[in-house]
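These notes concern the structure reproduced below.
Here, each number is a calculation from the coordinates, and none is a lab measurement. These figures come from a predicted structure and were not determined experimentally. For neighbour counting, all protein chains shown are included, and Cβ atoms are generated from backbone atoms with ideal geometry for every residue, glycine included.
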Amino acid sequence: MKTKLRLFFIILTTLFFSCKKNFDTPSWDVEVLAPLVNTSLSLNDLLKDSLLETNPDGSLQMVYQTDLIDIDVDSLFKIPDTTIVEEFVVPLTSVVNPGSTFYSNDEEKELNINNGIELNYAKIESGFIDLEVFSEVKERVVVTLKILSASLNGDTLFIADTIEAATSTTPGYFSTSFDLSNYELDLTGINYNSTNTLVTKAIASLHPDAFFVQVNSGDKIIFNYKFRDVVPYYVKGYFGSQQYQFGPETTDFNVFNTIVDGSFDLDDVNVTLDFENGIGVDAQMTLTSFITQNLSNNNTATLSGSVINSPININRAQETYSVPEVNYSYYQKQINTSNSNIDELIEVLPDQLTYQGNLTINPLGNISGSNDFLFKKHPLKAKLNVEMPLSLIANNLTLVDTVEFDLAEENVRNIIDGNLFVYADNGYPFDADLTLDLLDQNNQLFKTITLINNRIEAAPVNLLLRVETPKMSVLKIPLSATDISELTLAKKMKLTVAFTTTAQPNYLKIYSDYKIDLKLVGDFGYQVNAD
Amino acid sequence: MSKRFSLILVALLLGGLLKAQSFQNYFADTIQRLNIEAQASYFYGSNGVSNKFINHFITGDRIEKEDKDEAYKNLKSNNIFGADLNFSLNTEIPFDTLFGKSNMSLVVGVEMVEHADIKFTDDLFKLAFDGNKQFAGTYAQLGGTNINYFNYQQFNVGYIKYKKQHGKVAREGVKLSIIKAQEHIAITVPRGKLYTEQYGRDIDLDANYIYNSSDTLNKGLGAFNGYGVSTDLFSEFYLKNKDKITVQVNDLGFIQWNKKSIQMEADTVFSYDGVDIDNVFDLNDSLVADISQDSLLNLVTTDKSKGGYSIALPTLINVFYTKQLNAKIKIDIGAQYKILANYIPLVYTNIYYYFNPTFVAQTHISYGGYGLFNTGIVVAKSFKNKYQCYLGSNNVLAYFVPQSTYSSSTFVGLKMYF
C-alpha cells in the first residue's frame, strides 16, 4: 500500500510541475505612428519676456533698459572722519572745592568737508563719536562734552562721566563711543552764519564726593573726540560747483546673446536717455563717448550725432517737506535715427556698451541760496532705454541655444529604428533653417542629427506685409539604431536656427499673434517585450 | 482501520474532482472501490489564429513577420481564443468504508484552474501585433472585444451515487466547491474604434470600455484576492437499449473579488495629439514619462475606482449519447457549451476501440469550441485492476501541422485503486 501511494505521488508531482512550466515572454515588432509632442514656439521662447512689448497695432517691439549713471550722497561727498583735540592747561595753582567747575569752554569746530561744499544742516543716518578724556588732577573729576549743534528730539547731545584721580605718574582716563544715529546737526556755528561748523562745550568739575584738592599750574585736562563713519540721511546747504567724470564704463547688453551670425536691418530704433533727478541741485551732463561692441565678431560701432558732446541740462528736484519728501525732476533725451546713427549701433548685435561723460552740478553756482539738498534715498539717475520696433529685414540671423538633454536608455531601448517628423506650421514671415547637434558632458560636439529638409519655410505675407495663413513644412529626422543609441549618450542639445525674412527688401513687422506650431510625430519600429 | 483513516485524511487534504475527461469514459466502474485519481490538462485554441502562432506566443518565441502574415489570412472580423490549464486530484471513498452505505461514494479533492478567453476583432489583432501605422488614415475597429482571464484554487466535496438501470450501473454526482480566488483581469469593449491620422499627427479613440482587475500588488499562488463557490453536477441515464445519456454541468458558481480590486471605465471620445509642452527645449525624460503606458491609460480613463465585484464562472454544459456497438466498439456523440466564455457550441464524437478489456484507444472528432475542426486520439490502459492511466489529445494534428490547425490540447490521468 505504501509503495503504491509513493509511486502515485511521484507521478502526480511530475504531472503537476510539467504542467506549470514558466515560459519566456514572446516578443514581436510593431510599426508605430504616433504624435509625441505638441508645442508652440514664439519669440517669447527665444527672448526674455521682459524684452518684448506689444504695440497698439499688435506688432511687437523689443525694449531694453539699463542704468548708466547713479549719483547719490556717496558720489557727491562724504563727511570724513574728523578728530578734534581740546586741551585745558591750568594757569595758576589753586585749591578746588568738591562740586566746583574749574573748566568750561564753548568752541566752534569745523568738519573736514571740502570741494566747496557748504553744509548748514545734516541729519545723520549712522555714525559715532569716539571720546577720550585725560586728567592730571589728583582727585576724581566729572567731565562733560556737549555738542550744542546736535540734537535728537530737541535734546542736546551730551556725554558725561567721572574720571578717576590721576597719580603722580598716570593721568586719569576715560573713553566712550556714542551713537549719532538720527541726530540732527545744525552746522551754522554759534552765530548761525557759518557752514560745516559744529558748536561744542567741554566742562570739567571736581566730583561732589571728592576732597579738596590742589590743582597745580600746568596740570592738563585733554578732550580728544572723533566723528567716525558719519553717513548723512539728509544734507542741506550749497553743494558747490563740482564736476565729475564717469566712465569709460562698460555694461552688458543682454539682448542679442543668443545671436551668433547673420545680419538684420531695423526699420527704426528709438533710444532715450532718461534722467531722474531726486537731488536738489541743477546738473549738466555731457556724453562724450558711446560705443557698442559685439564680442563674438569684434564689430564695434560708435555713436555720432548731436547727442555727443552736447550738454544736457537737468533741473533740480523740489523739496516738499512732506511725504514723499522730493518731487523728482525728469528729462528725456531722444537718440534716434534722425539725430544719430543709433541703428548702426544696434545692428552690430552688441553684447556690450561702453560709455563716458561728464557731470557738473550747480553749473550756475549757488543760485539756490544754499538750499541745495540731498536725501540719501533719492539719487540722480540716468537710464538707457532702447526700443526696437520689430520691423526688420533678417538675413541668416542665427540664434543658438543649448538645452539640457538627458534621454535614459531604458526609455528608448525598444525602439528599433524609424523617423521623427517635425510638422511645423510657421506663422512667421521668415524661413528658419534648423540644425541639431548633440553634445557630450564636456559640451563637445559628437554628433549632428541628420535632417532631411531642415528648412521651416516662411509664411507668405499679404499686400500689407502681414501673414494671414501659416505655412506648413515637414522636417524628417531619420533615426537608425545607432542614432538612437547615441541619443542616450548626449547630455545637451545645441539648437541652431537661422532666420531669413521673406518679401525682401521690405521691412516686415512681427506681430504678437505670430507663432510656429510644432508637432513631433514618431514613425518607428518598436519591439514589444525587448530584452 | 489506521490505513483507512490515513486514506481518508489524504483524500480530505487533497480532494477530488469530477471532470468531463474521465476514467469513466474508458473503464466504467461496476463496483465501488476506494481510489485516488490525478488529472492534468491544457487546452488552447482559436478559430482564427493557428497553433503555430499561438505556440510562439505561449512559449515566448519571437513572432516573426511571416507568422503574423500567415495569421492574418485566417482572421475573420470577429475571432475567439480560449485557453484552460487544469490540475486536479480527487479521491472517491465508498460510503460503506465510512458509514456502511453500499451505493454511494464521498468525493473530496482540490483543483487548480487557470482560464482565459478572448473575443477580438481582426483589427485588434493587427493593431496589437503590427502596430497602428497600417491604419494610417483609417479606423481600427475594436468594438466587441472581450478579454477574460482568471485563475483560482478550489477545495471541493461531493458524492457519487451508483444505481442500477436496465442492468447497467449508472452514476450521478454532485460536488460543491469553495474557491480561493487568485487573479482576475477582464476587459470589455462594447464600442471602440481607433483612428490614426494619415501622417500620425492625431490618434482618436472612440471607446466604451470597462476594465476590471484583482489586486495587482498581490499575485502568485498564495494570493487570496477573493472567494467563491461553484457546483458540478452530472448524471448518467441508461436507456432500454443499453445506450447511455450523460448530462454534465460544471463550474456553476461565482467569485467575489475583494475590495482591493480595481475598476476603470470610460465612455468617451479621446483625441491624442502629443504631449503638450510649454518649452520646446524640454525634450527629456520627464517628457518620455508623460508618454508612458500608465499616463496614456490615465488619459483615456474617465472613472477609476477600487472595490469588490463579482463574476459568474464560465459554466460548462455537456450532453452526450453513448452507444455500445459491440464488445469492442463504443461511440459517443455529444455537444457542449460554455456560457459567459466567448465559446462556440462544440459538437463531437468519440469512437472507442477496446483491443482487450484493459486497453482502449479512442478517436475524437469535433467542431467548435474555441477552435475549428479537431481530431484527437487517446489511449487508456488498466493494469491488473489496480492502476489506470490515460494519455491523449483532442487536437493531435496540432503536433504535426501546427500551421494548419487551430487548437492544441493534451490530457493525462492516473488512477489508483485500493
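Please give the residues of segment A:222-237, grouped as numeric ranges, whose backbone N is less than 20 Å from a label point set 7 Å along the Cα-to-Cβ vector of A:THR176. Flagged as within label range: A:222-230. Which net charge results when you count Lys and Arg as +1 and Asp and Glu as -1 among the other residues whose beta-carbon is under 9 Å from that of B:GLN153? Its environment carries a net charge of 0.
Given axes a ≥ b ≥ c from the Cα gyration tensor, I'd like to know whether segment B:148-272 is rounded (a/c under 1.5), prolate (a/b larger than b/c) or oblate.
Details: a/c = 4.98, a/b = 2.15, b/c = 2.32.
Judged from the Cα gyration tensor, segment B:148-272 comes out oblate (a/c at least 1.5, b/c at or above a/b).
Here the simple spin-label model places points 7 Å from the Cα toward Cβ, and for A:GLU404 and B:LEU340 these points are separated by 5.3 nm.
Over the whole of B:36-48, what's the average partner chain Cβ count within 10 Å per residue? Rounded to a whole number, please. Mind showing how you got there, number by number?
Working: counts 5, 2, 7, 2, 7, 1, 2, 0, 0, 0, 0, 0, 0.
Mean shielding count: 2.
Within a 10 angstrom radius of each residue's Cβ in B:195-201, how many Cβ atoms of other chains show up on average? Whole number is fine.
Rounded to a whole number, the mean comes out at 5.
Sorted from longest to shortest, the spans of the Cα atoms of segment A:478-520 along the three principal axes equal 45, 21, 20 Å.
Pairs from the table (B:LYS180/B:LYS219; B:LYS168/B:LYS240; B:LYS119/B:LYS260; A:LYS78/A:LYS201) lying more than 21 angstrom apart at Cα are B:LYS119/B:LYS260; A:LYS78/A:LYS201. Quick one: Debye curve from the alpha-carbon atoms of chain A only, equal weights, vacuum; give me log10 I(q)/I(0) at q = 0.07, 0.08, 0.09 Å⁻¹ to two decimals. With one equal scatterer per Cα and no solvent, log10 I(q)/I(0) is -0.68, -0.77, -0.85. Relative contact order of chain A: 20 percent, from C-alpha pairs under 8 Å at least 6 residues apart in sequence.
Mind checking B:268-278 for the average number of partner chain beta-carbons within 10 Å of each residue's beta-carbon? Walk me through the intermediate numbers first.
On the way: counts 0, 0, 0, 0, 3, 7, 12, 6, 4, 6, 3.
Average neighbour count from other chains, rounded to a whole number: 4.
What ranking, highest mean first, results for peptides A:441-450, B:37-46, A:125-134 when packing means the other Cβ atoms within 10 Å averaged over each residue? Intermediate results must be reported in sequence, preceding the final value.
Values: A:441-450: 12.1, B:37-46: 23.1, A:125-134: 18.0.
Packing order, densest peptide first, comes out as B:37-46, A:125-134, A:441-450.
On full extension, the segment bounded by B:PHE418 and B:ASP267 gains 48.4 nm, given 0.36 nm per residue less the C-alpha separation.
Once you order the gyration tensor axes a ≥ b ≥ c over the Cα atoms, which shape class does segment B:67-192 get: rounded for a/c under 1.5, otherwise prolate or oblate by comparing a/b with b/c? In terms of gyration-tensor shape, prolate.
Each label was represented as a point 7 Å from its Cα along the Cα-to-Cβ direction; for B:THR59 and A:ASP161 these points are 10.3 nm apart.
Counted by Cβ distance under 12 Å from A:THR197, the other residues give a net charge of -4, where Lys and Arg count +1 and Asp and Glu count -1.
Between B:LYS180, B:LYS338, B:LYS240, the GNM of chain B built on Cα springs shorter than 10 angstrom shows B:LYS240 fluctuating the most.
Taking Cβ atoms as reference points and 15 Å as the exclusive limit, the residues near A:SER177 contribute a net charge of -4, counting Lys and Arg as +1 and Asp and Glu as -1.
The count of lysine pairs in segment B:294-418 whose Cα atoms are under 29 Å apart, excluding pairs fewer than 8 places apart on the same chain, comes to 18. Only Lys, Arg, Asp and Glu carry charge here, each on its Cβ (+1 for the first two, -1 for the last two); on that basis the protein assembly as shown has a dipole of about 10440 debye about its Cα centre. Simple rule: put +1 on each Lys or Arg Cβ and -1 on each Asp or Glu Cβ in the protein assembly as shown, find the dipole, and look at A:ASN414, B:ILE185, A:PHE524; the Cα lying farthest toward the positive end is B:ILE185. Here the simple spin-label model places points 7 Å from the Cα toward Cβ, and for B:LYS161 and A:LYS447 these points are separated by 7.7 nm. Each eigenvalue of the Cα gyration tensor of the protein assembly as shown, multiplied by 5 and square-rooted, gives one semi-axis; in descending order these are 103, 44, 20 Å.
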